[in-house]
1. Could I get the Rg over Rh figure for the stretch 187-334? Both from C-alpha atoms, Rh via Kirkwood, rounded to two places.
2. Under a plain spin-label model, where a point goes 7 Å from the Cα along Cα-to-Cβ, how far apart in nm are SER127 and GLU242?
3. Over its Cα atoms, what ratio of radius of gyration to 2.2 N^0.38 Å does the stretch 161-238 give?
4. Give me the extension gain from ARG137 to ASP203: residue separation times 0.36 nm, minus the current Cα-Cα distance, reported in nm with one decimal.
5. Report, in whole Å, the centroid distance computed from the Cα atoms of the stretch 124-187 and the stretch 499-526.
6. Helix 501-523: angle to the longest alpha-carbon principal axis of the chain, degrees 0 to 90, nearest 10?
7. Going toward the positive end of the dipole of the stretch 347-467, with +1 on Lys and Arg Cβ and -1 on Asp and Glu Cβ, which of THR460, TYR430, ALA444 do you reach last?
8. Quote the Stokes-Einstein diffusion coefficient, in whole µm² s⁻¹, for the stretch 302-362, based on the Kirkwood radius over alpha carbon pairs, a temperature of 25 °C and a viscosity of 0.890 mPa s.
Amino acid sequence: MSEATKSTVRTRFAPSPTGFAHAGVFRTALFSWLLARKHGGQFLLRIEDTDQVRLVPGSLEHLLRSMKALGLDYDEGPDQKSVALLSEKYGACDPNLLPEDGGKFGPYFQSQRLTRYSEVVEGLLESGKAYFAFETREELDQQRKISDALKRPFLYNRHYREYSLEDARKRVNSGEAHVVRLKMPTEGSIVTRDVLHGEQKWDATTQDDFIILKADGFPPYHLAAMVDDHDMEITHVLRGDEWLSSFPKHWCLFQALGWEPPQFAHVPNVMGPDGKKLSKRHGALPILGAPEMGKDGLLTGNESPGFLDDEGFLPEALVNYLALIGWSPGDDREIMPLEELTQAFSLDGVGRSGGIFDAEKLAWMNGKYLRALTPDAYTKATWPFLEKAGADLSDRMLVQALLPLEQEKIKKLSEAPATVDYLLLDSPEYVEKSVQKYLKVPGAGAYLAAIAEALETLETWTPEVIESTCRTVGAAHDRDKGEVTHPIRVALTGREIGPSLFETIAVLGKERLARRFGKAKELAHG
Ligand code: GLU
């Protein structure tokens, strides 16, 4: 197995802060995290912020909070000092989210590593593996138009490839706008190696002398990420397979620099239910609620609800679910807590086709995790959702007792307030249809009065005793099954469906019960 051959596995998550990271991005990050953790290696966070124009303030803090919420802790990455230096661009960021010292390969922001990139580019220029090019945007557009007319993919015409470095430097020193391009092979094949895709041959004539230093002095991803992966001693680069087509560029760059490439694994992307790749602009599904970005990359003014804080999925369920998009343990296990995932994870189990994000499957899995919580843990997880929904939480004991009654049924915590709020109200809101069916019928008033009286005098207050009392009264009134319970439920809760009736009665207690029966009697028929 390829990943086990290295003594130290070092992986990284390298997001660009150009928007609010979504579930798909975290799925790939999770694979990297699992691989590192499985082998007792290191997981790094590196912020790829060379595209300064598209930088979205607030996205860094959102990213860090999301990682923390999912439990994706990093061994090396942004620290308090480096983030403070960038606060003007990124906005304030809670220092508690950051370590004091990011690690010995820092800084972990590409915008703070520019000197290193220049140094690498300089080396490539000096060794004749790269060259300055001086075309203006208009000239390149012209070339592009010709390619379009000929229906050929655009490839730069390599005009400056053999231009003397000395002359080029004079033009650069005189302030002329320029870029630096890598000399790619012009014939034969480029053979790349990927853990998932194996060896692939790329026809050199289809490859461009691509830019490794842009006119604004910043390196593009193609250079910066490779330099960092090398310098940070990354052993396994897991990234979305949208990068596969650029892979020959990266491979040749490693060769030009005489560096051994890390193992690359281009992993299948996460698709939305419509079969399209999730992106910051398409069907974004943030881990934590985030401003929504429109197709134009601008904020729409709306918020996309977050999985954890708005929808109420448990982090452990979400992590479990994400791990299974594009990866399989090789058997039919589905419920796999983090420790089990970590043990089982291997690149061998990663498929080559994109996995679909299936919200229903996630909800099913979340339901399983919710049911496994102890009543205490369930209450704790539910509390913020109750608060947000404005539920009356003044009687903490009551809320705590009511909550687990529905634990079996809900799939996400955001559904919890609706399961208890009507039980917390002093008088429930009555569903008219149910009232007509069960209360406004002959005999209902007398039956409820008898139930109320029987319960009132009970000394042992347990669901079992309450049940047998109700059934005895029901039998005395010639009622069977549903006819026993439905009127009581409607009288007490206003509706026909709800958690176990006798447990609900037990939890509500005599006083509340008396008030509710009082109100129901006003509605009931004789
Ligand atoms: N900054 C790149 C992105 O966000 C990272 C790709 C990679 O993992 O190399 O797409």
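The values are calculated or read from the model by the stated rules, or taken from the named source; none is laboratory data. Given the structure is predicted, the values throughout are model-derived calculations rather than measurements. Glycine gets a Cβ as well: all are built from the backbone with ideal geometry, and neighbour counts include every protein chain shown. Heavy atoms of the whole protein, side chains included, go into the accessibility calculation; ligands, DNA and RNA do not. Shrake-Rupley method; radii C 1.70, N 1.55, O 1.52, S 1.80 Å.
1. Rg divided by Rh gives 1.03.
2. Placing both labels 7 Å beyond Cα along the Cβ direction yields 3.2 nm.
3. Cα Rg divided by the expected 2.2 N^0.38 Å: 1.38.
4. Using 0.36 nm per residue and subtracting the Cα-Cα distance, I get 21.0 nm.
5. Going from one Cα centre to the other spans 82 Å.
6. For helix 501-523, the angle is close to 60 degrees.
7. My answer, from the dipole projection, is TYR430.
8. Rounded, D is 193 µm²/s.
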